[in-house]
Amino acid sequence: MIKISSKLPGVGTTIFTEINRYVQQYHPINLAQGFPGFAPDPSLINELGQVKDKTAHQYASLGGNTTLCEAIAEKTEKLYGQSYHPESEITITAGATQAIFTILSAFVQKDDQVIVFKPAYDCYEPAIELQGGKPVLIEMKAPNYQIDWEEVQQKITSKTRMIIINTPHNPTGTVLTKNDLLQLQKITEGTNILILSDEVYEHIIFDHRIHQSVARFPKLAERSFITCSFGKTFHITGWKVGYCMAPKALMAEYRKVHQFNVFCVHHPSQKALGRYLQNPDHYLQLPSFFQEKRDFFLEAIQGSKFEFSPTQGTYFQTLSYRQLSDEKDTDYVIRLIKEKGLACIPVSAFTKNHQDDKMLRFCFAKERDTLKKAAEIINSL
């Protein structure tokens with residue numbers, strides 16, 4: 001037998017893989033995994049079909065397709081007032097998760113500390129640990145999930161290398177405010193701390209809120225990576241195309257790693273997205289598109305025994321089942337699948353020490369009929 005010394009001894013399969021096993025076996029209505037239940041815009045598919053240039057079917061450049069990077073730069077400057085050079089400060093990635101992993105690989109060294117706010121998307125901590133770094137976990141309290149900036153200040157040490165933020169936030173759907181970003185700017189000013197800002201749901205934000213990208217704050221932008229996702233924005237999660245932005249010096253270090261773990265990303269998709277981004281309506285209409293789905297879903301479950309506040313962003317809604325059961329959320333979710341035919345995600349999968357606040361995450365990026373059927377089950381509980 002070959003002896004294996006695992007670099008991630010405490011990591012098993014993700015909660016998404018575990019829930020998917022039950023989904024495959026019991027075939028419930030699936031509001032668990034975060035992928036849209038509808039087709040992308042036909043005009044985007046048409047753009048992909050129109051990619052005929054033979055060079056587009058060969059390797060793209062290290063940074064990405066020029067037209068696409070220029071479109072991203074233009075979009076970012078119009079929305080957030082920050083200029084990124086398309087050749088040296090923007091890199092097209094194989095989705096946001098790859099971008100996040102590459103950032104951590106490029107900058108986190110042994111015993112470096114990285115502050116992570118919990119609940120947190122589950123790719124952050126393993127990537128930190130693989131570099132020999134230490135995740136420093138700060139729990140955001142249910143049900144409001146706000147950051148305690150005094151606690152952040154207390155957790156910063158001489159070994160703090162990076163702080164990861166995520167807004168709009170997966171899994172809770174909360175959104176950082178201007179004051180939150182100003183607090184982060186104040187805490188990090190005069191330090192060597194980097195910021196990794198996960199902004200994959202930047203265009204899915206509700207009730208006339210404004211997405212507070214770190215790009216809006218020059219003193220934060222100079223120390224920050226921003227990661228974004230076309231998969232989330234344009235309902236094409238299977239394309240696995242995203243991008244990251246950072247000042248030139250940071251991006252140069254990022255690309256040293258990027259060139260060896262990906263080098264470049266599916267070129268025809270980049271060509272299609274570069275043309276598709278020429279029309280800003282394709283992303284500016286998303287808040288109203290998803291808010292209609294959120295509001296339909298919440299109105300449909302208004303009479304249920306679940307407790308909730310309308311999600312502020314993302315296409316996830318958290319619901320508290322505290323009035324229904326004292327079961328662990330993981331057990332309750334499995335029972336929902338087996339007995340009621342409805343799948344969701346237990347939020348304890350994302351919390352510090354799997355703290356169970358009796359919260360479940362539901363994805364409402366689905367057709368109305370699917371949401372209606374899910375609501376009928378929720379109302380029956």
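What follows draws every value from the coordinates through simple rules; no lab data is involved. Keep in mind it's a predicted model, so treat the numbers as computed, not measured. Cβ: placed from backbone, ideal geometry, glycine included. Neighbour counts: every protein chain shown.
Loop-located chymotrypsin sites (Phe, Trp or Tyr not before Pro) in region 1-94 (DSSP state not H, G, I, E or B) with no more than 13 neighbouring Cβ atoms inside 10 Å: Phe38, Tyr59.
Given that compact globular proteins tend to follow 2.2 N^0.38 Å, what is the ratio of the alpha-carbon Rg of region 52-279 to that value?
0.98
Based on every Cα atom in region 76-199, Rg and the maximum pairwise Cα distance Dmax equal 14.6, 42 Å.
When you work out D = kT/(6 pi eta Rh) for the chain at 10 °C and 1.306 mPa s, using the Kirkwood radius from C-alpha pairs as Rh and the Stokes-Einstein form, the result is 74 µm²/s. Springs between Cα atoms under 10 Å define the GNM used for the chain, and in it the highest mean-square fluctuation of Ile90, Ile100, Ile164 occurs at Ile164. Taking GluC sites (Glu not before Pro) across region 229-316, none is in a DSSP loop with at most 16 further Cβ atoms lying within 10 angstrom of its Cβ. Across every pair of non-identical alpha carbons in region 286-381, the mean reciprocal distance, once inverted, gives a Kirkwood radius of 13.6 Å. Loop-resident trypsin sites (Lys or Arg not before Pro) (DSSP state other than H, G, I, E or B) in region 117-196 with no more than 13 further Cβ atoms inside 10 Å of their Cβ: Lys141, Lys159. Per-residue ellipticity at 222 nm computed for the chain from its helices equals -11000 deg cm²/dmol, with DSSP H segments shorter than 4 residues left out and the rest contributing -39,500 (n - 2.57).
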